[in-house]
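Chemist: Could you have a look at this structure, given as structure tokens, before my questions?
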Number of protein chains: 2
Amino acid sequence: MSTKRAFNFCAGPAALPTPVLEKAGLELADWHGKGLSIMEMSHRSADVVAVCDKAEQDLRDLMAIPDNYKVLFMQGGASSQFSMIPLNLMTGSGKADYIVTGQWSKKAWQEAKRYGNAVVAASTESNNFSSAPSQAELVLSPDADYVHYCPNETIGGVAFDYIPDTGDVPLVADFSSVLLAEPLDVSRFGMIYAGAQKNIGPAGLCVVIIREDLLGKAQACTPTMFDYKVCADNASMYNTPPTYSWYLAGLVFEWLKDLGGVDAIAEINHRKAKRLYDYIDNSGFYANPVAIANRSIMNVPFTLADSKLDKLFLQESEAAGLLNLAGHRSVGGMRASIYNAVPEEAVTALIDFMADFARRNG
Amino acid sequence: MSTKRAFNFCAGPAALPTPVLEKAGLELADWHGKGLSIMEMSHRSADVVAVCDKAEQDLRDLMAIPDNYKVLFMQGGASSQFSMIPLNLMTGSGKADYIVTGQWSKKAWQEAKRYGNAVVAASTESNNFSSAPSQAELVLSPDADYVHYCPNETIGGVAFDYIPDTGDVPLVADFSSVLLAEPLDVSRFGMIYAGAQKNIGPAGLCVVIIREDLLGKAQACTPTMFDYKVCADNASMYNTPPTYSWYLAGLVFEWLKDLGGVDAIAEINHRKAKRLYDYIDNSGFYANPVAIANRSIMNVPFTLADSKLDKLFLQESEAAGLLNLAGHRSVGGMRASIYNAVPEEAVTALIDFMADFARRNG
């Protein structure tokens, strides 16, 4: 294959593995010689059900998901989960704890307030979301229906270096930008969710992993399509699911399994991140504002010594085939997202470019 | 191109135009020489925004959508609309009229009852959903917030041969299986919606066309992602939309424009449907139960003289490259969905096969 492929550091929708895209391209109009595209087949057909079931099983294998958890393939992105979580789970005491470490966990909290007593258990907004709180800093309510947090904030590049201990209170986590990046003990969580468009597949799919005992408690006003139990009882096919995105997610899971699974990719991810942070810290030209213990291995924001050089940096990096390095529109600066599908060569090329740029402009 | 393509009569996800799939396949891993897939690009990027804007404009052109209507690209399928409609619109008198002519309009009504006073304005369930009520048979409430109906019921193959006159009450219509099949006076409607997986694109996208004065009235418990005003104010990008599905929809709209637009496809559609119904009616072997005036031009259910032959019919038709002719699991029999992307040759091949099968088994 001679597909031209640039190095893509987009925060999401993000890079997908080249072999996955090439395979999908080849079989797009004629899947497995059947004479039609997988996206033209009924979701009730044996072929599509097999593809979807295999994707779920591969994800279960990759993450070692215990049997008492349901895996749901939903729509509407993590933003829809911000409503679904309180609608489905804030139904005991009507109270939930939210740890706020960036724009996404703040949005989740704001939406939850509309449905009950959503309390901020800790916030790092005062330090401009440049760290995560320690376990000791969390003010948790023993009677909360759940505790919500975001282990990796995509915009700020802030990650937790531990899983919060919430005792018997279910822990709910937005893993959108870090699912499948490193091994995870799923049994520590009541629920895990992730929009697909970082480490899983195209936008429009959202994976939910939820402990069975949390199903069936939805508030009366919950839309049927937002009810986890309805989704679970119908194997994520209460209505027509986004079958093509589900199929692509399955190809990504296969690719990751072939690569050696989450342990193998975690080793690569940590190496990629370490090299980039080490370069930034030693450059004397670039800087990352996040507390060292809380640096994300997926999203690496950085600033230049002089922000007036930002525009030139973006122009030249794009010309060099290093795409989508602009920071989030709300914070500016640069950000390199180095998800599972971003190869190690991309980080090498980025560091080489950054060094050359610093030499010429420092 | 030598892609093998079968004739696909699936009710949804359904056939898409072969040229669209071939183009999408070729540029899947490298869109327009950019070195990345369109599904790997930020939804805020100039390229993706241009693709999305063009898709909207092409749809506006195809349907002659008046300027005082918003076009929204949402997720969750028509089933999510069943909740969104009452949540957003049943907020004046709290009452809405539902015309029930099949399983989908019945589902819409059942969901609406959860959010207010959803009244059945007419139902054809007593005749097993084999007709649509006349205008005179509709019992409409002058104070209803809206009237809902489904102009084309996919499962029963039942269509309205007129647009209900609801006076000043907004008319809301589920056009999932008939959007873009024939010309439509959008100004007669308060809102039109359609799941993509029939005439638009892959599953996971839902098009909503809504008159601007209906925005901004949502019930307090409406999830932010279910609020039409939020979606409209953010040009369908409040969160990451399903960009790849949106792009594919855009390719389908381009294909339809190139073909001559909705007038041109309507002529083909009517010819396809007439040929199939004429054959069925004259066959002495096959039958369609729907009142002649209410026969769908998109979904053609039919039964065999002896239902014991169903299995053989499905086996032999599949072997002949005529796929997905089984009726909906809830009704049995056969169903040929002949959407825009199903070519006239497919109908010819189907009729030839049906005639041969009848000859051998009649």
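Chemist: Could you list, in their original order, any pairs among A:K4/A:K274; A:K198/A:K257; B:K272/B:K311 whose Cα atoms are separated by more than 22 Å? Don't skip to the answer; put the middle values down first.
Modeler: Details: A:K4/A:K274 28 Å; A:K198/A:K257 17 Å; B:K272/B:K311 25 Å.
Pairs exceeding the cut-off: A:K4/A:K274; B:K272/B:K311.
Chemist: Here's something else I'd like to know. Using Stokes-Einstein with the Kirkwood hydrodynamic radius over Cα pairs, what translational diffusion coefficient do you get for chain A at 25 °C and a viscosity of 0.890 mPa s, in µm²/s rounded to a whole number?
Modeler: Numbers: Rh = 21.3 Å.
D = 115 µm²/s.
Chemist: Now a separate question. Per residue of segment A:23-30, in order, report the coupling 6.51 cos²θ - 1.76 cosθ + 1.60 (Karplus, θ = phi - 60°) as ³J(HN,Hα) in whole Hz, putting x for Gly and Pro.
Modeler: 4, 4, x, 5, 9, 4, 8, 8
Chemist: Scan around A:R44 for amide H atoms under 5 Å from its own, H built in the peptide plane at 1.01 Å from N, and keep only partners 5 or more places away or cross-chain.
Modeler: The list, which skips near neighbours in sequence, is empty: none.
Chemist: At a Förster distance of 56 Å, what's the computed FRET efficiency of B:D356 paired with A:D258, Cβ-Cβ distance as r, to 0.05? Please list the in-between numbers first.
Modeler: Details: r = 46 Å, r/R0 = 0.83.
The formula returns an efficiency of 0.75 here.
Chemist: Please report the antiparallel percentage of DSSP beta bridges with both residues in chain B, rounded to the nearest 5.
Modeler: The antiparallel fraction comes to roughly 55 percent.
Chemist: Along segment B:116-125, what does the Karplus equation 6.51 cos²θ - 1.76 cosθ + 1.60 (θ = phi - 60°) give for ³J(HN,Hα), rounded to whole Hz, x for Gly and Pro?
Modeler: Couplings: x, 8, 8, 10, 7, 7, 4, 9, 10, 5 Hz.
Chemist: Taking amide hydrogens as modeled 1.01 Å from N in the peptide plane, which residues meet the under 5 Å criterion relative to B:R335, leaving out close sequence neighbours?
Modeler: Result for B:R335 returns B:F302, B:A326, B:G327.
Chemist: Rg and Dmax in Å for the protein assembly as shown, alpha carbons only: what are they?
Modeler: 26.3, 87
Chemist: List the residues, sorted by chain then number, that are 5 or more residues from A:V120 or on another chain and whose placed amide H is less than 5 Å from its amide H.
Modeler: Distant-sequence amide H within range of A:V120: A:Y98.
Chemist: Grab the beta carbon distance between A:D47 and A:L26, set R0 = 22 Å, and tell me the FRET efficiency rounded to 0.05. Please report the intermediate quantities before stating the final value.
Modeler: On the way: r = 17 Å, r/R0 = 0.78.
Using R0 = 22 Å, I get an efficiency of 0.80.
Chemist: So, in nm, how far is label A:D67 from label A:A287 when the simple model puts each one 7 Å beyond its Cα toward the Cβ?
Modeler: 5.5 nm
Chemist: Dipole of segment B:43-107, Cα-centred, from +1 at each Lys and Arg C-beta and -1 at each Asp and Glu C-beta, to the nearest 20 debye? Write down the numbers at each step before the final one.
Modeler: Numbers: 7 positive and 7 negative charges, 78 e Å.
Dipole of segment B:43-107, to the nearest 20 debye: 380 debye.
Chemist: Could you tell me what % of all Cα pairs in segment A:199-334 have separations over 18 Å?
Modeler: Numbers: 6607 of 9180 pairs.
The answer is 72 percent, as a whole percent.
Chemist: When Cβ neighbours within 10 Å are restricted to other protein chains, what is their mean count per residue of peptide B:64-77?
Modeler: Working: counts 0, 0, 0, 0, 0, 0, 0, 0, 0, 0, 2, 12, 10, 7.
Other-chain Cβ atoms within 10 Å of each residue's Cβ, averaged: 2.
Chemist: I need the phi-derived Karplus couplings for segment B:300-310: 6.51 cos²θ - 1.76 cosθ + 1.60, θ = phi - 60°, integer Hz, Gly and Pro marked x.
Modeler: 3J(HN,Hα) across segment B:300-310, in whole Hz: 10, x, 8, 10, 8, 4, 9, 5, 5, 8, 3.
Chemist: I've got another one for you. Please list the radius of gyration and Dmax for segment A:163-243, considering alpha-carbon atoms only, with Å as the unit.
Modeler: 13.7, 38
Chemist: One-quarter of the Cα convex hull surface for segment A:285-362, in nm²?
Modeler: Mean shadow area of the hull around the Cα atoms is 5.3 nm².
Chemist: How far is A:G321 from the same spot in each other copy, in nm, shortest first, if each label point sits 7 Å from Cα toward Cβ?
Modeler: Ordered by increasing distance: 4.1 nm.
Chemist: Follow-up. Using the 7 Å Cα-to-Cβ label point, sort the distances from A:L259 to its equivalents in the other copies shortest first and give them in nm to one decimal.
Modeler: Those separations, rounded to one decimal, come out as 4.0 nm.
Chemist: Determine which aspartates and glutamates satisfy two conditions relative to A:K107: a Cα distance under 13 Å, and not lying fewer than 8 residues away in the same chain.
Modeler: Of all the aspartates and glutamates, those that pass the test against A:K107 - Cα under 13 Å, at least 8 places apart if same chain - are A:E125, A:E153, A:D174.
Chemist: Please report, for A:K95, the nm distances (one decimal) from its label point, 7 Å out from Cα along the beta-carbon direction, to the equivalent points in the remaining copies, shortest first.
Modeler: List, nearest first: 4.3 nm.
Chemist: Here's another thing I want to ask about it. Using r as the Cβ-Cβ distance of A:V186 and B:L312, and R0 as 45 Å, what FRET efficiency do you calculate, to the nearest 0.05?
Modeler: Values: r = 48 Å, r/R0 = 1.06.
Computed FRET efficiency for A:V186 and B:L312 comes out at 0.40.
Chemist: If each of B:Y238 and A:S330 carries a label point 7 Å out from its Cα toward its Cβ, how far apart are those two points in nm?
Modeler: Computed distance between label sites B:Y238 and A:S330 equals 1.5 nm.
Chemist: Can you tell me the Rg and Dmax of segment A:1-128, counting just the alpha carbons, in angstroms?
Modeler: When restricted to Cα atoms, segment A:1-128 yields Rg and Dmax of 20.3, 58 Å.
Chemist: By the 4.7 Å beta carbon criterion, which cysteine residues of chain A come out unpaired?
Modeler: A:C10, A:C52, A:C150, A:C206, A:C231
Chemist: What distance in nm separates the two pseudo spin-label positions at A:Q110 and A:D165, each 7 Å out from Cα along the beta-carbon direction?
Modeler: It is 3.4 nm.
Chemist: Moving on. Compute the projected area of the convex hull of the Cα atoms of segment A:103-232, averaged over all viewing directions, and report it in nm² to one decimal place. Walk me through the numbers before you get to the answer.
Modeler: On the way: hull surface 33.7 nm².
If you wrap the Cα atoms of segment A:103-232 in a convex hull and average its projections, you get 8.4 nm².
Chemist: Now for a different question. Enter the per residue convex hull volume of segment A:116-190, computed from alpha-carbon coordinates, in Å³ rounded to the nearest integer.
Modeler: On the way: hull volume 7.9 nm³, N = 75.
Cα convex hull per residue, to the nearest whole number: 106 Å³.
Throughout, read-outs are computed from the coordinates displayed, never taken from laboratory work. Keep in mind the model is a prediction, meaning the values are calculated, not measured. Using ideal geometry, Cβ is built from the backbone for each residue, glycine included, and neighbour counts are taken over all protein chains shown.
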